[in-house]
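Inspection log for the structure reproduced underneath, given as structure tokens.
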Amino acid sequence: MEIYHYHPVTKEHLRTSDARQSPKEPGTFLVPANATIVPAGNAPAGSVRVFDPQSELWSSVDDHRGDSVYRKSDASKVIVDWLGPVG
């Protein structure tokens, strides 16, 4: 069984791995914290997949991290370090 690991803060998909079987309960698979069995799917270009633990759903969120943007108030340059829309 595959499990999908996500970041504990941003909830973005980090990696996919195989679940380990429980040594005490054969046939039961172990799912660690910040992981799910819900398939993450593929993110469109320029976005990442983000998991909502409450609804147990993945969604695509814009990823502009590392891009330069400029503030409207004073035109100062800002390097994007967050997920989601810019502007």
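Rule-based calculations on the coordinates, nothing more; no lab input. On a predicted model such as this, the values are computed, not experimentally measured, just so you know. Methodologically, a virtual Cβ is constructed for each residue, glycine included, from the backbone with ideal geometry; neighbour enumeration extends over all protein chains shown.
Note on the chain: with a GNM built from Cα contacts shorter than 10 Å, the maximum mean-square fluctuation among GLU56, GLU12, GLU25 falls on GLU25.
Listed by chain and number, the lysines placed with their C-alpha closer than 28 angstrom to that of LYS11 are LYS77; residues fewer than eight positions away on the same chain are left out. Label-to-label distance, VAL38 versus ALA75, with points set 7 angstrom from Cα along the beta-carbon direction: 4.5 nm. Once the C-beta distance of HIS7 and LEU30 is scaled by a Förster radius of 30 Å, the resulting FRET efficiency is 0.95 to the nearest 0.05.
Annotation: Cα Rg of the chain relative to the compact-globule expectation 2.2 N^0.38 Å equals 1.43.
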